[in-house]
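Notes follow once the structure below has been shown.
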Amino acid sequence: MNTNSSITTPDFMPQTPNPQPLTLYLLHLADSTLILSHRNSEWCGHAPILEQDIALTNIALDLLGQARNFYQYAAELINQNSNNERSKVPPLEGFREATEDSLAYLRIENEYKNLLLTELPNEDWAHTILRQFYFSTFQFYLFQQLQQNNDEHIVAIAAKAIKEISYHVRWSGEWVVRLGDGTTESHNKMLKAIDTLKNYTGEMFIAADYETAMNIDIDLLKNQWNKKVKQVFEEATLPYSLEDETTFHQTGGKIGTHTEYLGYILTEMQYLQRTYPNSIW
Amino acid sequence: MQNEYQHTTSFKVSPLEEFKEAIWKVIETVPDPEIPVITLKDLGVIRDIKVSDDNAIEVIITPTYIGCPAMDVMSMSIEQALTEQGYKNVKITKVLSPAWTTDWMSEEGKKKLKEYGIAPPNQKQIVCTPDLFQQEEVVQCPRCDSYHTKMISRFGSTPCKALYQCNTCHEPFEYFKCH
Ligand SMILES: [Zn+2]
């Protein structure tokens with residue numbers, strides 16, 4: 001049970017002996033958006049109707065855009081910084097420096113810092129919608145905070161992305177209501193999704209060391225997130241029990257301890273670059 | 001080659017502003033890769049042109065949406081247009097801040113969108129709220145000018161558009177979202 005304690009980065013963290021919290025934090029933001037983008041893109045050609053297929057792939061594209069910006073900035077910092085740090089984040093063969101591509105394609109599972117929530121399988125439409133709603137709502141309040149950050153680069157990315165995130169919250173929230181307050185079948189599917197995901201929301205609000213160092217007000221985030229989810233659940237006639245103190249929270253994603261699912265995602269995502277090094281688009 | 005020669009000559013005698021003006025003229029003609037009836041200038045994504053002491057040209061552009069896949073094509077098109085006119089040492093820089101808004105789209109651009117069948121963005125409203133089922137602004141049908149329209153989907157064929165339908169003429173159309 002690890003419900004309230006903060007996560008400490010263990011000494012065996014393989015890739016970054018003396019990393020800056022900012023670099024780690026950027027990788028965390030980039031990894032979460034990249035992995036969820038990948039999950040959403042798996043729906044391409046499979047969503048219930050064409051318009052929603054397009055909606056989900058549009059969201060995937062927005063998330064990928066965020067990931068690219070965070071990776072680019074992280075690569076810049078890694079290249080500027082200590083040689084230790086550089087040597088541990090492999091550039092693509094033949095490239096002298098870390099790049100957005102080397103960070104996405106050449107890091108292994110335990111170097112990824114994404115939230116576990118983002119790597120879970122899509123399951124059904126209800127599950128996909130609920131996960132998106134949880135994540136987008138979290139991002140919305142987080143990016144409000146990041147717009148006030150001291151780092152102007154982060155502020156620029158946050159200010160750009162939040163306009164799109166507010167769209168994602170609206171779209172996914174409307175679907176939560178549509179399914180929850182829809183037919184008996186859609187309602188039951190939402191109940192099942194709530195149950196499947198209930199152990200994976202807590203991780204968002206247990207700060208990793210690098211989040212604390214970045215002065216993220218995680219308690220504020222938690223309150224705002226809970227309030228919003230509760231409000232939408234009420235409208236959707238769904239039971240709300242996410243603040244239950246006895247709930248067990250799965251953690252570890254933020255420091256590289258993942259579910260079995262991430263490996264399969266990376267296998268597919270990194271296959272081409274690892275099999276044919278230096279391939280470019 | 002002829003162009004290059006002309007350009008080099010004219011630069012030697014022209015002041016910096018005139019040189020920049022000439023670059024703007026070239027870039028103005030570059031169409032948007034996804035909605036080719038409008039130019040990148042109409043779209044408002046070209047933010048600035050800088051010329052250094054050694055005549056290196058830097059064109060500053062900003063994405064409409066953060067993951068807009070057309071950005072790379074835009075960069076290439078600008079570079080190509082300038083190279084074809086004999087300009088050398090061209091660099092395209094992407095900036096995020098200040099974030100692009102549909103208010104930067106030119107009136108000319110909005111007119112061209114409408115003629116093409118895409119409803120142009122309304123004046124900027126408050127878009128950064130996550131409120132559900134929020135009343136959308138009234139969108140005018142680009143075909144029959146009716147305001148009696150309804151939204152079909154928040155997302156369209158590109159990140160910048162939503163799907164609408166006209167209740168008067170019944171035609172579906174795309175709306176360039178206010179952003
Ligand atoms: Zn009409």
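The values are calculated or read from the model by the stated rules, or taken from the named source; none is laboratory data. What you see is a predicted model; the values in this text were computed from it and never measured. Please note: Cβ atoms are built from the backbone with ideal geometry, for glycine as well, and neighbour counts cover all protein chains shown.
Summary table
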{"read-out": "Checklist (1) within 14 Å of the ligand (Cβ to nearest atom); (2) farther than 21 Å from residue B:104 by Cβ; (3) in contact with a helix residue (DSSP H, G or I) (Cβ under 6 Å, 6 or more places away or on another chain) applied to residue B:153, failing item", "value": "(1)"}
{"read-out": "Index of the failed condition, residue A:109 passing every other in (1) among the acidic types (Asp, Glu); (2) over 19 Å from the mean Cα position of the chain (by Cα); (3) at pLDDT 90 or above", "value": "(2)"}
{"read-out": "Residue that is nearest to residue A:136 (Cα to Cα) [pool: residues in segment B:132-161 that are among the aliphatic types (A, V, I, L, M) and within 10 Å of another protein chain (Cβ to nearest Cβ)]", "value": "B:132"}
{"read-out": "Filter result (more than 13 Å from chain A (Cβ to nearest Cβ) and not hydroxyl-bearing (Ser, Thr, Tyr)) within segment B:162-171", "value": "B:166, B:167, B:169, B:170, B:171"}
{"read-out": "Test: residue in segment A:113-125 that is more than 16 Å from residue A:29 (Cα to Cα) and in contact with a Leu (Cβ under 9 Å, 6 or more places away or on another chain)", "value": "yes"}
{"read-out": "Residues that are touching a helix residue (DSSP H, G or I) at 6+ places or on another chain (Cβ under 6 Å), of a type outside the set (Val, Ile, Thr), more than 7 Å from every other protein chain (Cβ to nearest Cβ) and assigned to a helix (DSSP H, G or I), drawn from segment A:47-62", "value": "A:56, A:60"}
{"read-out": "Boolean, residue B:113 is within 24 Å of the chain's Cα centre (by Cα), surrounded by 17 or more Cβ atoms within 10 Å (Cβ to Cβ) and either at negative phi or more than 10 Å from the ligand (Cβ to nearest atom) (or both)", "value": "yes"}
{"read-out": "Number of the condition not met by residue B:76 [criteria: (1) within 14 Å of another protein chain (Cβ to nearest Cβ); (2) surrounded by 15 or more Cβ atoms within 10 Å (Cβ to Cβ); (3) away from the ligand (no atom under 16 Å from the Cβ); (4) of a type in the set (A, V, I, L, M)]", "value": "(2)"}
{"read-out": "Single condition residue B:171 does not satisfy, out of (1) in contact with a strand residue (DSSP E or B) (Cβ under 8 Å, 6 or more places away or on another chain); (2) among the charged types (D, E, K, R); (3) away from the ligand (no atom under 16 Å from the Cβ); (4) more than 25 Å from residue A:136 (Cβ to Cβ)", "value": "(3)"}
{"read-out": "Number of positions in segment A:143-175 that are in contact with a helix residue (DSSP H, G or I) (Cβ under 6 Å, 6 or more places away or on another chain), in a helix (DSSP H, G or I) and more than 7 Å from chain B (Cβ to nearest Cβ)", "value": "9"}
{"read-out": "Unmet criterion (only one of (1) over 19 Å from residue B:63 (Cα atoms); (2) touching a Leu at 6+ places or on another chain (Cβ under 7 Å)) for residue B:109", "value": "(1)"}
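Okay, residues lined up against (1) over 19 Å from residue B:104 (Cβ atoms); (2) part of a loop (DSSP other than H, G, I, E, B):
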{"site": "B:35", "(1), (2)": "no, yes"}
{"site": "B:42", "(1), (2)": "no, no"}
{"site": "B:48", "(1), (2)": "no, no"}
{"site": "B:53", "(1), (2)": "yes, yes"}
{"site": "B:58", "(1), (2)": "yes, no"}
{"site": "B:64", "(1), (2)": "no, yes"}
{"site": "B:68", "(1), (2)": "no, yes"}
{"site": "B:72", "(1), (2)": "yes, no"}
{"site": "B:77", "(1), (2)": "no, no"}
